[in-house]
Amino acid sequence: MLTTLPTNFWYAVEFSRNLTHTPLPVTLMGQQYVLYRDSQGRAIALSNQCPHRGAALHRGWVEDNCLRCPYHGWMFDASGTCVDIPADLPGVPIPKRAKVATYPVQEQDGMVWLYVGETPETAVAPIPHLLPELGDPKWRAVYGEYTWNAHYTRVIESNLDVSHAAFVHPPFYGNRDRAAVDEYEVTTTPYSATATVKAPAPKRRTFLKYLLKEENRYSLTTITVYLPTINRIEIDFGFRGYKYIYYTTSLPVDEKTTLAKYIGLRNFLTFPWADKNSHDNAYKTYIEDQEVVQTCTPLAAPTDFQQELLVASDALIIAYRKLLRQYETSAARSLSAV
Ligand code: FES
Ligand SMILES: [Fe+2]
């Protein structure tokens, strides 16, 4: 069971558009990091703990491309080296140990990715490129975030779940007589699993209701999970090529808390005034899911296939748990080799 942070992975931790010269905190399973953007626009990531007396560096500020601690003003450059101790008299050398850990950072798909691990970042799962639609003028994007009172594996599984909608989401209640899920195929890579399922369309009073004809009662949904935190759900409404993409990173803040940051993309009603509807739908769906997901025990999704009884419609969740299991085994192997 995954109760610690999977390491040797890139984590999509923040929207690129949110990262400025103002330091931002990030928490992954209790570990704190701080991010900021320097004057060249580069994203920098450091440990959020000042080596002097432990203050959180994100409460400080960026000065000459360095991060100044808010407590006694020590200043750290992008390599984590302390370059100024204001309380020391002139000429006093800065101790070698006055350093904070730094982390590799990249940006892709509208997100800032932070690397956490010992293995060189070039030898691990690459950052997935799953959002080529972002930035395409035919698509309109909205950004949002929610906090779940649940373990991140349960949140990710709720995004992979193809059989709950008729019971959890009111717009689908009318589909209970069509709850059976056709057999579907799952495609996997060492880090991801994807499936396309045919599902009865929702009855929520959205703009789409007016755009879609009555005969378009089914949508094709392609669902992907990419370790450790990414979900991508693409809904094809089968009408004029209209699609909705929900891309989310489910960040493990701690064992009971998950911060989900999402980008919702649509290629219909791309006017800004329709954004509220897009946000409202995402929010309602989250509330409906969270009410049941936060009741699941044990906290983390079990990977032993004995504790819970998964059936054919759970094929994508089975594939996800197999990926987690594979990760647990390789993590245990590398630990025992130490
Ligand atoms: S705790 Fe950061 S400078 Fe003192
Ligand atoms: Fe749901």
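Where a number appears in this text, it was derived from the coordinates with a stated rule and is not lab data. What you see is a predicted model; the values in this text were computed from it and never measured. Glycine gets a Cβ as well: all are built from the backbone with ideal geometry, and neighbour counts include every protein chain shown.
Computed log10 I(q)/I(0) for the chain at 0.14, 0.16 Å⁻¹: -1.16, -1.41, from the Debye equation with unit scatterers placed on every C-alpha and solvent omitted.
Remark: the range 9-123 carries a charge dipole of roughly 300 debye about the Cα centre, counting +1 on each Lys and Arg Cβ and -1 on each Asp and Glu Cβ. For the range 49-119, the convex hull spanned by the alpha carbon atoms encloses 113 Å³ per residue.
Top mean-square fluctuation among Pro200, Pro190, Pro104, Gaussian network model of the chain, C-alpha springs under 10 Å? The residue that fluctuates most here is Pro190. All other residues whose Cβ lies under 9 angstrom from that of Met75 are scored, Lys and Arg at +1 and Asp and Glu at -1, for a net of -3. Each 5 Å bin from zero up to the one holding the largest Cα-Cα distance in the range 252-338 carries the following percent of pairs: 3, 10, 13, 16, 17, 14, 11, 8, 5, 2, 1, 0. Neighbour counting of Cβ atoms within 10 Å sorts the residues Arg37, Arg42, fewest neighbours leading, into Arg42, Arg37. Just want to confirm a number: the relative contact order over the range 113-191, from Cα pairs under 8 angstrom separated by 6+ residues, in percent. Relative contact order for the range 113-191 comes out at 16 percent. Taking Cα atoms only, the orientation of helix 275-293 departs from the longest principal axis of the chain by about 90 degrees.
In loop segments of the range 239-338 as defined by DSSP, the GluC sites (Glu not before Pro) with at most 15 further C-beta atoms inside 10 Å of their C-beta are Glu308.
Output the pairs from Lys261/Lys284; Lys198/Lys276; Lys198/Lys243; Lys99/Lys261; Lys243/Lys284; Lys198/Lys256 with a Cα-Cα distance over 21 Å in this structure; if there are none, say none. Beyond 21 Å: Lys198/Lys276; Lys99/Lys261; Lys198/Lys256. Summing Lys and Arg as +1 and Asp and Glu as -1 over all other residues whose Cβ lies under 15 Å from the Cβ of Pro23 gives a net charge of -1. Checking every one of the trypsin sites (Lys or Arg not before Pro) in the range 240-317 against DSSP loop status and a limit of 11 other Cβ atoms within 10 Å picks out Arg240. Of the trypsin sites (Lys or Arg not before Pro) found in the range 93-197, the ones in coil according to DSSP and having at most 13 other Cβ atoms within 10 Å of their Cβ are Lys96, Arg97, Lys138.
Dividing the mean sequence gap of close Cα pairs (under 8 Å, 6+ apart) by how many residues the chain holds gives a relative contact order of 18 percent. Between Arg240 and Thr22, the C-beta separation translates, for a Förster distance of 51 Å, into a calculated FRET efficiency of about 0.75. Compactness of the range 29-180 was expressed as the Cα radius of gyration divided by 2.2 N^0.38 Å, which yields 1.49. Each principal axis of the range 140-327 carries a Cα extent, and these read 45, 33, 30 Å when sorted largest first. Each Lys and Arg Cβ is given +1 and each Asp and Glu Cβ -1; about its Cα centre, the chain then shows a dipole of about 540 debye.
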